[in-house]
Amino acid sequence: CDVGQGDATLIRSAGQVALIDVGKDPDLVAKCLSRLGVSTVNLLVLTHFDMDHVGGLEGVLAKTNVQRALVTSFHDDRPGANFCRDQLTAWQVPTEEAGVGFYGSLGEFSWRVVSPHQGAPEAEDSNDGSITMLFDSPRVEVLTLADLGEKGQLRLAREQASWMPGDFFDKPLVLKVSHHGSADQYPEFIESLRPTLALVSVGAGNGYGHPTKQTLHLLRFAGAETLRTDRLGSIAIGFDIDGSRLQRSVSGPSLVGSSR
């Protein structure tokens, strides 16, 4: 979903829906869910408590039935964390603090949390403690990196034998690029993944310089086709009629600037 300078990634399979982060603006994420006809969110993931990832929470809770929520197990007492906990409690959403070892299914996908470990003892800050997930299906892999930076990606690379399925490289990979395409990436890890498509959720004209030229070059070098919400608007990825090839469509860019 195009939510400006923020993240909101929706995965739908066999009528089930996961939503990873909700952007900053409740109206923007609510409009995206409405366009997609989503009334139930089976799995809501709030990767960490930066407001550009969780500020839109009320737009989701008020418009959909959220059946389960995962939040980071990184200790965080910032206002965004308290806001989320209060909202999830008020709407009586079953909520768990997630870490490595959490897994489940969503339609034809199986999913697992691959970072951080429970309690996030390895995390240096909230980005480092943001929930990273792998969605694995017979036809495609989806890896959502939240705002995980270079040090966290290095840990993922070291631990990949524990989370990467044996047929990982036999299927196309859709990569939700970390931190809106910031320069804080571990190049060897991204290159080793060989993503087919790289999604950058980013606001037009943002003041951070996202996505950076460095990261865009890295993605090209890794062989990925990069799709950006600041230029394309909301981005939909699915399969063609016979289910053998990924296809994509875009909504057209919205006029959402760096203030969102």
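Against the empirical 2.2 N^0.38 Å scaling, what ratio does the C-alpha Rg of the range 151-242 come to?
Ratio of Cα Rg to 2.2 N^0.38 Å: 1.13.
Tally up the carbon and sulfur contribution to the accessible surface of the chain as a whole percent, 1.4 Å probe, everything protein left in place.
Carbon-and-sulfur percentage of accessible area, whole number: 50.
May I ask you to list the chymotrypsin sites (Phe, Trp or Tyr not before Pro) in the range 119-212 that are in a DSSP loop and have at most 15 other Cβ atoms within 10 Å of their Cβ?
Of the chymotrypsin sites (Phe, Trp or Tyr not before Pro), the ones in loops of the range 119-212 whose Cβ has at most 15 other Cβ atoms within 10 Å are TYR208.
Sort 69-75, 175-181, 211-217, 113-119 for me by packing, meaning the mean count of neighbouring Cβ atoms within 10 Å per residue, highest on top.
175-181, 69-75, 113-119, 211-217
Could you pull the accessible area for CYS1 with a 1.4 Å probe, rounded to 10 Å²?
Answer for CYS1: close to 20 Å² accessible.
Against the empirical 2.2 N^0.38 Å scaling, what ratio does the C-alpha Rg of the range 96-223 come to?
So the range 96-223 has a normalised radius of gyration of 1.02.
In deg cm²/dmol and to the nearest 500, what is the mean residue ellipticity at 222 nm of the chain if only DSSP H runs of at least 4 residues count, each as -39500 (n - 2.57), divided by the residue total?
-6000 deg cm²/dmol
Please give the charge dipole size of the chain, origin at the Cα centre, charges +1 on K and R Cβ atoms and -1 on D and E Cβ atoms. Round to the nearest 20 debye.
Dipole size: approximately 720 debye.
Which value, in nm² and rounded to one decimal, describes the direction-averaged projected area of the C-alpha convex hull of the chain?
Averaged projected hull area, Cα only: 12.3 nm².
What is the ratio of the Cα radius of gyration of the range 116-168 to 2.2 N^0.38 Å, where N is its residue count, to two decimals?
So the range 116-168 has a normalised radius of gyration of 1.17.
Going by a 4.7 Å Cβ-Cβ cut-off, which cysteines of the chain have no partner at all?
Flagged as lacking a Cys partner: CYS84.
May I ask which of LYS31/LYS213; LYS24/LYS171; LYS151/LYS171; LYS151/LYS176; LYS63/LYS176; LYS24/LYS176 have a Cα-Cα span longer than 28 Å here?
LYS31/LYS213; LYS24/LYS171
Measure out, as a whole number of angstrom, how far apart the alpha-carbon centroids of the range 121-146 and the range 1-67 sit.
What the calculation gives is 17 Å, centre to centre.
Each residue of the range 228-236 in turn: what ³J(HN,Hα) in whole Hz from Karplus with 6.51, -1.76, 1.60 and θ = phi - 60°, glycine and Pro shown as x?
After applying 6.51 cos²θ - 1.76 cosθ + 1.60, I find 10, 5, 5, 9, 10, x, 5, 10, 10 Hz.
Kindly rank 16-23, 123-130 from highest to lowest mean number of other beta carbons found within 10 Å of each residue.
Descending mean neighbour count gives 16-23, 123-130.
How much accessible area per residue does the chain have, counting only protein heavy atoms and a probe of 1.4 Å, in square angstrom?
On a per-residue basis, 44 Å².
Rg over Rh of the range 13-124, using C-alpha atoms and the Kirkwood radius, what does it come to?
Value, to two decimals: 0.95.
The values are calculated or read from the model by the stated rules, or taken from the named source; none is laboratory data. Quick caveat: nothing in here was measured; it's all calculated off a predicted structure. FYI the Cβ positions are ideal-geometry reconstructions off the backbone, even for glycines, and counts take in every protein chain you see. Accessible surface is based on the protein model in full, side chains and every heavy atom, while ligands, DNA and RNA are left aside. Shrake-Rupley method; radii C 1.70, N 1.55, O 1.52, S 1.80 Å.
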